[in-house]
Structure formats: C-alpha cells, structure tokens
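Okay, structure first, notes after.
The values are calculated or read from the model by the stated rules, or taken from the named source; none is laboratory data. The structure presented is a predicted model; accordingly, all values stated were derived computationally and were not measured. Note that each Cβ is placed from the backbone with ideal geometry, even for glycine, and that neighbours are counted across all protein chains shown.
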Amino acid sequence: MDLETTMPGPVDGRSGQGRAMPSDDARVAYSGAESRRGASATARPIARHRGLTDRSIAWLCIAPTLLLLLAINIFPLLWTVYLSFTDYRANRPGVPIEWVGTRNYERLLASEDVWGYLQATAHFVCWSIALQVILGFGLALLINRQFKGHATWTTLILLPMMLSPAVVGTFWTYLFQPQAGIFNYMVNFFIGAGDFTMIGDVNLAPWAIVLVDTWMWTPYVMLICLAGLRSIPQYIYEAAEVDRASAWRQFWSITVPMVLPFLMLAVMFRAIENFKMFDLVVELTSGGPGSVTELASINLKREAFEKWRTGYSSAFAVILFVTVFGAANIYVKLLNRMKQR
Amino acid sequence: MSVDSTPSVVAATPLARRVAGSLVIAYALISMIPLVWIFMTSFKTPSDSIAYPPKVVFEPTVEGYVNLFTNRSRQTPEYLASLPPPETWYEELVRSRNMVITGPSRFVGRYWNSLIIGFGSTFLAVFLGTLAAYGFSRFKVPGEGDLLFFILSTRMMPPIAVAIPIFLMYRQLGLSDTHLGMILLYTSVNLSLSVWLLKGFIDEIPREYEEAAMVDGYSRLQAFFRVVLPQARTGIAATAIFCLIWSWNEYAFALLLTSGTAQTAPPFIPIIIGEGGLDWPAVAAGTTLFLLPIVLFTVLLRKHLLRGITFGAVRK
Amino acid sequence: MNKGRASALAGAAVALGLQATPTFAQDQELTLCWAAWDPANALTELSKDFTAKSGIKMNFEFVPWTSFADRFLNELNSGGELCDLLIGDSQWLGGSATYGHYVKLNDFFAQEGISMDDFLPATVEAYSTWPKGSTEYWALPAMGDALGWVYRKDWFARPELQQAFKEKYGYDLAPPATWDQLKDVATFFQGREIDGKTVYGAAIYTERGSEGITMGVTEALYPWGFQYQDPEQPYQMDGYVNSPDAVAALEFYKALFECCTPPGHTDAYMTTNLDAYRSGQVAMQMNWFAFFPGIAKDDQVGGDRSGFFVNPKAKIEASALGGQGISVVSYSDNQDLALEYIKWFAEPEVQKKWWALGGYSCHKAVLEDPNFPNTAPFAADFLRAMSGVKDFWQEPTYAELLQAMQKRTHDFVVADQGTAQEALDKLVQDWTQVFEDDGKI
C-alpha cells in the first residue's frame, strides 16, 4: 500500500517526494545542491557516513516507533483476537480460561440487537460525513474568496473542534433540554415547530447526534478543503480564462478534481473516527432512547466494562476492526486510482 | 491565516466577496451561539442555569468557578452562625448560599494531569514521529508501504476495544492509573497520525540540502539537526497541534484506565454534581477553562496550522 | 500480590488483635469511597468525630452515581488500592464476596461484640449478607434507603386546585395512596398553569445508562406483587417475571410516562428529577429517601412547600430497596484502621448522630426509638417503606441482569418498541441466558 501516492499533490502528476511547484524549480536555496543532483525522486544514498550505515540509521529511527506500536497496539490486538475465542471474564481473574471456538462470533452474528447497533453506527457515519462535506467544502470555497477579516472568522469557526467530545455531549444535553435549554426556543423562533424533544424522540435522536457531530467537525473538513483550494496554482485558472471557460466550467473541471483528493482524505479520517465514536454520543444520549443511538462502541463498552463479558466483547471488537480495516483498504485503493487519473 | 504567497483564488468581484463574507460570518455566528451560551452559563447561579424559559438577562456571579474548585456541603443556618466569620471572598460567597467549603475539588489535580499527560504524550509522539518519518523518508526501508499502512491502521481500532487488553496488561504491569501508562498509550495512538503527517513534510524537503551539508562535512545527525529540522518546523508545529488536541480531549481511555491518581479532566467535567443535577455553571466554567490552553496553543501556532494541512503545496 | 493470601493474613492478624503494619499516630490515613450525594457530605461531617477520637485522617473519594458503579467496580476488578473502605451498592455483595473483593467481617464482629441483631433485619439481609439470608457478613449496614415520593404540599393546599380536583375525580386532593390515584393526580397537574408557568405531573426514573429506569419500573412492579422467580425453584422465571400482573404494571408505568411527565424527561435519574422538582416543573417526583433531608432544607422547595409519601400500593404495599453497607476492601493496606472505623461507626451514639446529620441509620437504637417518626417529616414514611422493601438481584452476574432489564424496559417505555409482554418475555430469555452461562441453571 503506497501511501505516498495517496497524499494530495498538484494535478500536474508529480506526486511522491519533492512535490515542488513548477515555478519553484529555480528556488533551491542551498548553494551547489542543484548541480550535483537533479530533482530526482528515486535515487537513495547507500554510502557510508561516519560510522553507522544508512541501514542501521534507518532502523534506529524507526525502531522506537515500531516497538511502541507493537507493544501497545499490536500485542493487545493479538491478545484481543485470542480472547475472542474464549469465555474469559475480566472480573473473575482466578477462573481458568475456557476455549469456546467460534461461539462468540456465532452469537454476535445471530443477534438482531447487534445488527441494530451497526445500523445506528452506519446511519450516524453516513449522514454526519455527508453534512460535513457539504458544509465544509462550501465554507472553504467562500473563505477562499478572501474577504476582509476572513482570517479571524476562520479561527472562530475552528473553536468547536478544539473541545473535548465528552464535554460537548454533556453540554448539548443542556442545550437540547426542552424547558431550560435554548435549542428549542431558537428553532421555534425561526420555524415554529412546536413541542419536540431532540434527544428524547426516537425519530429525532439519531439526527441530534448527527447535528452535534457536524457542528463539531465541519471546521476540520473546511480546513482540509481550504488547504486543497490553496494548493491549486493560479496559472491554471489564468489559462482557463484565456480559453474563455466560464466560472461554472472552471469550478467543475479545475477546482473539484483538484480538491477531491483532499476531500476524500478528510472523509476517510472522519469516517474512521465516527465509526469508533463513543464519548460524544454516550454523554449526549446514553445510546437512547431505547437503543436507537446505541453505536457499536457504546455497546462494546457495556459488554466489556459493565457486563465484563470480555471474550464476547473481544469478538465484537475484532469484527469492528476488520470492518474498518477492510473498508479503509478499499478506500485507499480507490483514492490511489483517482490519483493516477 | 493567510500564509500563502501565491494565492490561487478565483478572481472574485467585490460583490462576490461581500456575499461570501456575509455567509461565512453568518455560519460563524450561528456555530458560536452554543459556545457563547455556555460561556454565559458559567457566570450564572445554579438556579438561574436551570430556569425555564432560559434566562438571557441575569445577574452574573463567579459562583460557577468557585463551585468548580471546591467541595461544599449545605448546613443549617444555626450551624453556620456558630462558625467563625469567613476569611476569603469565595468562602463568603459560599456561606451566602448556606453552605460551607469542605475542601478543594479534584479539578486542579485533573487539570494538572491533563497538562502532564497531554503535553508529555504530544512531545513524545512528535519526537518519535519525526525520527520515524525521517527514517521512512530518507532511507529505503523494506516493506515501507506496508509498514506505513500498518501504522495508520493502528488508529482504526475502537478505543474501547483496545482498552480491554490494555486494561488487563496494565493491571499486570502495575501501570494502571499511572501517568507513564497514559503517556505511553496516548503516544502510541498519536504516532499513527504524526508519522504519517511528518513523512509528508519531510518528503518535501529536498534531500539535496542534506546531501550538500554532508558533502560539506557534517554527519548525518548534524545534517538532520541543522538542515532538516528547521525546514520541517512548520510541519512539526502542525502535527503537534493535532496530537495535542487529541490527547487533551481524550475521554474513553481516561475513563477506563485511570481513577484517582492519573485521571485527566474530560472524565471529570461531565460529572460535576451540584445540589440536584449537574452544576451547570461549574460544568460551563470547567469547559471554558479547559478550552483555554488549546486555544492559546493554536493561536500561537495558527500560521503553521493551515500550512500543515497543505502538506507543503506552497513554499516561500 | 495474591489477594486471597493477603486478606487471610490480615484477617488472622486482626483476629489475634495485632496490627498488620506498625504505624505512628500522625501518619494514619484512611480513604473511604462512596457516591457523591447529600449523605456523603453528611458522612464527611460525621467522620470528623472519628478523626478527633482516633487521630486517623479521613480522605474521601466520592463519585456521582452515574459513574459510581463503573468507577468502583473497575477499581475492585483491577485490585486497586485506592479505597480502604467502600460503601458499595447492595447489589455488589454477590460479586464482591465471591471474587474476594471484600473482607469477611464475621470474626471481627464476634471479636468486637458487634451484633447484627442491633440492626433492622431487612437491612442486614439486604446490605450485609451473601449468600442472601445467611449469616455470612461482608458489610455493616450503613445507609438505609428506599424509593419514595415527594410532592408540592403548597400546591396541594391551594383551595382552587382542591376544588377543581374534587370536581373532576370525586375525592380529595391528597398524597396518593394507590397507583391509580397517583395517575389521577399526575394527570391533573399535567400542563396546568401555576404561578404563570406551565407545570407537569410527575418526574419519574427513565435513565438508560446505569440503573435508572430499572429502579423506576421495579417501583411499579413490586406493588403489583412482582416476583423474580419461582419461590420453590430458584432461577425459574417464566411465568413470574412475565406474569400478567407484571405486564399490567409495566404498561401502567409506560402510561404514566406518556401522560404525565415533562417533555424531554427521557433519560432521567435522581439528579434530573431533583432539578425538575426544584425548578418548579413538576408536582411530584419519585426519588430515594436519601435526598429527602436535602429537599426539606432546600431554599426553593423546602420547609412547608414539600411533603413526602411512601410508594403507593396496587395489590400490596412495597417499595424498591436502595441503600448500602460499608465494607473493607481486601486490597487495602490499612485494613486494621478500616476495621476501627467500622467499629466506631457501629456505636449507637454515632448512629444517632448519623441520622441527625442526614444519613439513614439502620440501627435499632435509632429506628425503634418511639420518637423517631417525629424527628423528620419523612421519618414515618421511611419506616413504613423499609418494612416492605424488595431488592433487585444481588447475584455476581447482577450487572448483566441489570443491563438486560435497562435495555428491554427502556426500549418499551421510552422508545415505544413492542409490547409489555414482549419486553418481559425477552427479559426472561436474557436472564435465562445469563444464568445458564453462569452455571446456575
């Protein structure tokens, strides 16, 4: 999986290392470097430099990271996979662990409740991302016009994303409270929707969590789109104007394709995060009413840390991980293919 | 946040600019309303905060902040009369509500833990991430693409799922509820992001610079410090902001793996109970105070933030 | 560290009257863990006497109810040494006794002459014993509690309201004695304008996260004669948990939720109910007796504005049991000091002061005192409630049983899914599965 090609770059096809702008060719600062090597992206030094070989330096640099990740991410993951085939319960340390084969998986896949949780998660992920993309991209386009004071307003828009999701969930319960909170009053001020309860209504609660998540993370998508927009070189638009292409045409054939890789990256990050979502929703609705907003992670926490069914919850965790991993894999391949075009 | 030297803006008419401006300002104002309301709530009394209809005009007080930092208990007026007069302004405020301060709350301790664990893990993630990114970028590492995807995939596991075996592992190792345990955990989660981002930055620093430096006699290590790091500093700053935001605001691990000693602020703020329900002014006060360091950090480094996302499309 | 050996060692040391570790008077500290609520503040006050008498400094770790079980069960399961003394929920006894989290207190009681006969039998059985009803003691009854009701006495006293009620329902407006009356009164107040604001009937428990709605629903189930299992055959629940009476009770609770609660009251437990009541939104609230001293002292709704009544009856009179016992954690390093605290706490004089400060003593010297019903407006109701309390499962697997009931009842009552019969049938299935996995069936 070549990650280099997934990183967004200018549309002239030069991706990978040394993603310099065409107009930057002449701006190499350090004297003499230009004459010795071209802007080569592939040649790598293998010579010895004072003591350590390059190979050992490389491993020295990478090893601490890999070791830490192995210890704290991979080893637990493998342990989780092992536990998923047992009936272990973490609140009974003395009891011997029994191997039960695929019984946990069978129970999970046969349980209609579990499909409900996955459905709730899918609804949340899809709609929150859709809204964030529309709003975020729209905002980025508008901010890119560089009206007066746009820097300050941009900074203000960024504030929601800097809060702790758990705290956000908590104070939005306060805002959504029909009597003491301002949300209902404000909505009725503009629309006159009458009496309703955002987080107490079975139909509205899934939208409440989408709304709060969108409020929180639209700035993130906006930021990434803005970066994408800023990366489009001016000369391309100038060339299009020379060709007398309309603004609409410019938008669709220049702006969108060049921002799309950035956008898709933002979508991937947000989708991964929202699939794992726990703290915001658990504080906002506790998974209620009933189980309509009980996301996969919330159920996982209940199984693992309230009921202490460690083996069963490990199986659920493995299923979730495999799902995200598989989806991300496919997505990154798609992204790469898009980059080649 | 205007950083770029060659803005690629579609040439906009003044009218278009004004329309764009008003739409953005409208969105900014609407999205700020909840924050402004919470900020206002931090200056209400607890009964004002649950009044209905909600009070827009009210008498401000710092009771929320005092409640955030203290534990109190309600007493009868007779008992209060028997006590010596209050010595400080906040004691006086509390007494006026027929309560006495029984001691400081845990907020300062939690905030302090957040500072240690948040900044500690950010520093470590950026440090190790820079090293690893340099390694991946400059050297031919076997299986590089796969290793990089593997590093990214460590972020795909739901925190709750990782928490189960980490809980068991830390219990064995005695790392439960310790600062070190949490710093290591947060670092490893942030590494996936930091390696990935930093590799992008370091990739775009032409290796010619280092080559030239090494030809001039510097060792690779010196070249790293003298050439690569300064060039990468905006990328490092951007990565640091993202890592800090994540570590600072993390909830699930802090909830499940810590209790008295190493618990950070996010599990603490949503459960500040007043005399009935949540003490909303105190929760609002906690939210405001907790937001400050991040805002400060971001404002100081805001020039680097946008640059960071760009992965270096534009350079001076 | 081998927990079994450590607690056996400490037990032996205590039995021989030796101190486990040499300590000096200034260094002695104890940490007591409980939930963060009014009675905890009262206990902090009370414990100052202990510190004065013994020189041992008391530290407290209080966590709000919504995170209480999470936090301290986690602590116990990780063998944490934070808590020396833990006032744990009565439902934790099964697990804590079975998995060795609590120190068994029989020897200590025998040695110090603390007799369980000095405490109300219902409280001893509920807060101290495991297995249920045996004489193995794992805690000292610390806080008696049951689920009761509060009402706005000042509103009930208004002549125009009394007249309107009498016209509509044909009997006097008064604290309801039956669930039908409760519904009538709640319906009467729902949506009524009082002092310029719209008010609502009652605040009841509907919380999804920890145990709220289960406590609320069982408060309705018990008066309909609910039984958890066949009295002759343990763990046989079909026909008992989902009996026609149980279905009727559950449907009644849902009807009450739908007709007579404030809008948005879908995830409410103790604190939300208190807020709704104190802000003047509701005429009645269901809440634990533990809060009643605080309500009586409240500056907005206290004094003559509030009155209390015991859980209304349907077929029988019964209330949901709350309350906790105080235990010594077996991972603690200060077990001897902790036992000293328990010895002090069990003294009749201390128990009397505990009641005076707002804690619910379980000691007969307090409760059987002839003057007791006069000591507080809710005292008589408390005695009445405690004579007819029922508790939830205390099995080691209680958390799974609780979570299952939380889900099934919340799905039905709040999320409007399925029928009451279906909800209870599914609950029987869930519980059967839990007991099968646990080897009880």
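Matching residues to (1) in contact with a Leu (Cβ under 7 Å, 6 or more places away or on another chain); (2) outside any strand (DSSP E or B):
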| position | (1), (2) |
| --- | --- |
| C:LEU147 | no, no |
| C:PHE188 | no, yes |
| C:TYR205 | no, yes |
| C:GLY209 | no, yes |
| C:MET215 | yes, yes |
| C:GLU232 | no, yes |
| C:ALA246 | yes, yes |
| C:LYS254 | no, yes |
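If you go through the stretch A:169-207 and pick out every residue that is touching a residue at least 40 places away in the same chain (Cβ under 8 Å), touching a Ser or Thr at 6+ places or on another chain (Cβ under 7 Å) and part of a helix (DSSP H, G or I), you end up with 2.
Residue count for the stretch C:248-264 under the criterion of being within 12 Å of chain B (Cβ to nearest Cβ) and either buried (at least 20 other Cβ atoms within 10 Å of the Cβ) or at positive phi (or both): the result is 2. Look at the stretch B:34-55: where a residue is closer than 13 Å to A:PRO178 by Cα and within 11 Å of chain A (Cβ to nearest Cβ) and a partner is surrounded by 22 or more Cβ atoms within 10 Å (Cβ to Cβ) and of a type in the set (Phe, Trp, Tyr), sitting 6+ places away or on another chain with Cβ atoms under 8 Å, you get B:ILE50/B:TRP280.
Across the stretch C:38-77, the qualifying residues are those that are hydrophobic (A, V, I, L, M, F, W, C) and part of a strand (DSSP E or B), and the one among them that is farthest from the other protein chains (Cβ to nearest Cβ) is C:MET58. Note on the stretch A:234-252: residues that are of a type outside the set (D, E, K, R), assigned to a helix (DSSP H, G or I) and surrounded by 13 or more Cβ atoms within 10 Å (Cβ to Cβ) total 8.
Go through the stretch B:125-151 and report how many residues are over 14 Å from B:TRP246 (Cα atoms) and either within 21 Å of the chain's Cα centre (by Cα) or charged (D, E, K, R) (or both).
8
Where helices (runs of 4 or more DSSP H) sit wholly within the stretch C:342-421, those with at least 3 residues that are over 23 Å from C:TYR137 (Cα atoms) occupy C:348-357, C:379-386, C:398-413.
Could you count how many residues in the stretch A:142-182 are on the phi > 0 side of the Ramachandran plot and more than 7 Å from chain B (Cβ to nearest Cβ)?
The total comes to 1.
Could you tell me which residue of the stretch C:83-97 is farthest from the other protein chains (Cβ to nearest Cβ), considering only residues that are under 20 Å from C:GLY212 (Cα atoms) and not in a helix (DSSP H, G or I)?
C:ILE87
When the helices (runs of 4 or more DSSP H) confined to the stretch B:64-177 are screened for residues that are within 12 Å of chain A (Cβ to nearest Cβ) and in contact (Cβ under 8 Å) with a residue 12 or more places away in the chain, those reaching at least 3 such residues are found at B:107-138, B:144-153, B:159-173. Selection of the stretch A:66-108 for residues being aliphatic (A, V, I, L, M), farther than 15 Å from B:PRO165 by Cβ and at pLDDT 85 or above yields A:LEU66, A:LEU67, A:LEU68, A:VAL100, A:LEU108. Could you tell me whether any residue of the stretch A:225-239 is free of Cβ contacts under 8 Å to residues at least 12 places away in the same chain and farther than 25 Å from A:MET264 by Cα? For the stretch A:225-239, residues free of Cβ contacts under 8 Å to residues at least 12 places away in the same chain and farther than 25 Å from A:MET264 by Cα: present. Of the residues contained in the stretch B:218-235, one or more are found to be assigned to a helix (DSSP H, G or I) and crowded, with 24+ Cβ neighbours inside 10 Å. With respect to being in contact (Cβ under 8 Å) with a residue 24 or more places away in the chain, buried (at least 23 other Cβ atoms within 10 Å of the Cβ) and among the hydroxyl-bearing types (Ser, Thr, Tyr), C:TYR200 falls outside the description. Can you find, within the stretch B:235-279, the residue that is farthest from the other protein chains (Cβ to nearest Cβ) among those that are of a type in the set (Asp, Glu) and out of contact with any Lys or Arg (no Cβ under 8 Å at 6 or more places or on another chain)? So the residue we want is B:ASP279.
Pairing each residue of the stretch A:52-65 that is at pLDDT below 80 with any residue that is of a type in the set (Gly, Ala, Ser), provided the two are 6+ apart or on different chains, yields C-beta distances under 8 Å for A:ASP54/A:ALA47.
Residues in the stretch A:200-208: is at least one closer than 18 Å to B:SER31 by Cα, modelled with pLDDT of 90 or more and surrounded by fewer than 22 Cβ atoms within 10 Å (Cβ to Cβ)?
At the first step, the residues of the stretch A:200-208 found to be closer than 18 Å to B:SER31 by Cα are A:207-208.
Next, from what is left, pick out any that are modelled with pLDDT of 90 or more: A:207-208.
Retained after the next criterion (residues that are surrounded by fewer than 22 Cβ atoms within 10 Å (Cβ to Cβ)): A:207.
Yes, there is a match, as at least one residue in the stretch A:200-208 is closer than 18 Å to B:SER31 by Cα, modelled with pLDDT of 90 or more and surrounded by fewer than 22 Cβ atoms within 10 Å (Cβ to Cβ).
Of the residues making up the stretch C:396-404, one or more are farther than 22 Å from C:THR206 by Cβ and out of contact with any strand residue (DSSP E or B) (no Cβ under 7 Å at 6 or more places or on another chain). In the stretch C:214-239, which residue that is over 24 Å from C:PHE257 (Cβ atoms) and in contact with an Asp or Glu (Cβ under 8 Å, 6 or more places away or on another chain) is surrounded by the fewest Cβ atoms within 10 Å (Cβ to Cβ)? Within the stretch C:214-239, the match that is surrounded by the fewest Cβ atoms within 10 Å (Cβ to Cβ) is C:GLY239. Show the residue pairs meeting these rules: Cβ distance below 9 Å; 6+ apart or different chains; first residue within the stretch A:76-87 and closer than 12 Å to A:PHE316 by Cα; second residue in a loop (DSSP other than H, G, I, E, B) and not β-branched (Val, Ile, Thr). Partner pairs satisfying both residue conditions: A:THR80/B:MET157; A:PHE85/A:GLY101. Per the listing C:GLY80, C:GLY100, C:GLY133, the residue uniquely of a type outside the set (Ser, Thr, Tyr), without any contact (Cβ under 8 Å) to a residue 24 or more places away in the chain, surrounded by fewer than 24 Cβ atoms within 10 Å (Cβ to Cβ) and in a loop (DSSP other than H, G, I, E, B) is C:GLY133.
Residue by residue, here is whether (1) more than 13 Å from chain C (Cβ to nearest Cβ); (2) in contact with an Asp or Glu (Cβ under 7 Å, 6 or more places away or on another chain) holds:
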{"site": "A:GLY288", "(1), (2)": "no, yes"}
{"site": "A:ILE298", "(1), (2)": "no, no"}
{"site": "A:LYS307", "(1), (2)": "no, yes"}
{"site": "A:VAL324", "(1), (2)": "yes, no"}
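Scan the stretch B:202-216 and give yes if some residue there is in a loop (DSSP other than H, G, I, E, B), more than 7 Å from chain A (Cβ to nearest Cβ), out of contact with any Lys or Arg (no Cβ under 7 Å at 6 or more places or on another chain) and crowded, with 21+ Cβ neighbours inside 10 Å, otherwise no. Yes, some residue in the stretch B:202-216 is in a loop (DSSP other than H, G, I, E, B), more than 7 Å from chain A (Cβ to nearest Cβ), out of contact with any Lys or Arg (no Cβ under 7 Å at 6 or more places or on another chain) and crowded, with 21+ Cβ neighbours inside 10 Å.
Could you look through the stretch B:10-29, keep only residues that are surrounded by fewer than 16 Cβ atoms within 10 Å (Cβ to Cβ) and facing chain A (nearest Cβ under 7 Å), and pick out the one that is modelled with the lowest pLDDT? Once the filter is applied, the top-ranked residue is B:ALA16. Listed residues A:LEU159, A:LEU70; which is under 29 Å from B:TYR186 (Cβ atoms) and under 21 Å from the mean Cα position of the chain (by Cα)? Every option except A:LEU159 fails the conditions. Being surrounded by fewer than 21 Cβ atoms within 10 Å (Cβ to Cβ), away from chain C (no Cβ under 14 Å), at pLDDT below 90 and assigned to a helix (DSSP H, G or I) is not true of A:PHE262. Of the set (1) under 22 Å from the mean Cα position of the chain (by Cα); (2) over 17 Å from B:GLU275 (Cα atoms); (3) of a type in the set (Val, Ile, Thr), all apply to C:THR271 but (2).
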